[in-house]
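Following: one structure in C-alpha cells, then a few remarks.
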Amino acid sequence: MTEKLEPKPSHKGLYSALAAAQAEMGRALKDTNNPHFKSKYADLASVCDACMPALSKHGIAVLQPPFDDETGRYVKTIFVHGESGETFECRVPLIVAKTDMQGYGSAVTYARRYGLMGMAGIAPEDDDGNAAAKSPPKVEPPRQEKNAAPISNERPASPDISSDAVDAAISYLGGAEDFPHLQRLWSNIPKEIKLHSKVAAAKDAAKISLTPAQVATPNADLGSDGIPY
C-alpha cells in the first residue's frame, strides 16, 4: 500500500510563511566546545538543525552567498518564498582575523551562523534544554568565627580562572587588527574571564598599540567593556 504524502502548507506571502515556520522552530543547542574559553556554543550545524526543517516545510529557501564589493565584505542571508517569490535579506560583515583561507572560511561560517539566527529569530540554548528555566543555587554566606576579622563583601580583583584560559584570552586579544576588531574580540570573551586583571590589562595594552587615528573619541567609553572607537 502506497503511503499518502501530506501536502505542504500554502502561504500567500513570505511573512505569513515565516511566522508559521517560527512556531515550529526549536532552539540552537550549544553543543560545540570552544577550547580557548572552556565553554560551549551553537555552531552553524546546530542553527541549521533548529530552523531549516521548518523553513523548508513552509516553502522558504535560504541563500547565504558571500560578497566583496565597493561597500565591503559581507555574507548576505536571503529568505526566498517559493510560492510568492518574495524575498527578505540581511547582511553580516566579514571580519577576517587571519589573511588565509582558514581565516576567511571561519569568518564566513561565523557570518552565516549569526545571519541565519537573526533572520529566523532563534536563540542558542544550553544542551540540557532546561538551563534557562533553572533557578540559580542558593549560596550560604560563610560562617564567621567569634572574634574573627570581619568578612569583606568586596569582589576580588581577579576571579579564580585557570591560567590556560587567561593565556588564551590574552593571545586572542593580541590578534586585533583595529579598534572595531578589538571590540568584537572582547565581546566574544566570557564575562568571568573579562574580570581577570591580566585579561583587562591585555585589552588596555591592545588599545594602546592600535593606531590612535582610528579612535573617533579617545575618551569615550562604550558600555562596560571600556573599548572606545
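Read-outs throughout are calculated quantities, based only on the coordinates presented, and are distinct from any laboratory measurement. As the structure is a computational prediction, the values presented were derived from the model and not from experiment. No Cβ is skipped: glycine too gets one built from the backbone with ideal geometry, and neighbour counts run over all protein chains shown.
Summing charges over all other residues whose Cβ lies under 14 Å from the Cβ of residue 89, with Lys and Arg as +1 and Asp and Glu as -1, gives +2.
Among the listed pairs 12/76; 57/191; 76/194, those whose Cα-Cα separation exceeds 27 Å are 57/191; 76/194.
log₁₀ I(q)/I(0) of region 14-126 at q = 0.09, 0.13, 0.21 Å⁻¹, via Debye over equal Cα point scatterers, no solvent, to two decimals? Once normalised to I(0) and log-transformed, intensities are -0.26, -0.53, -1.14.
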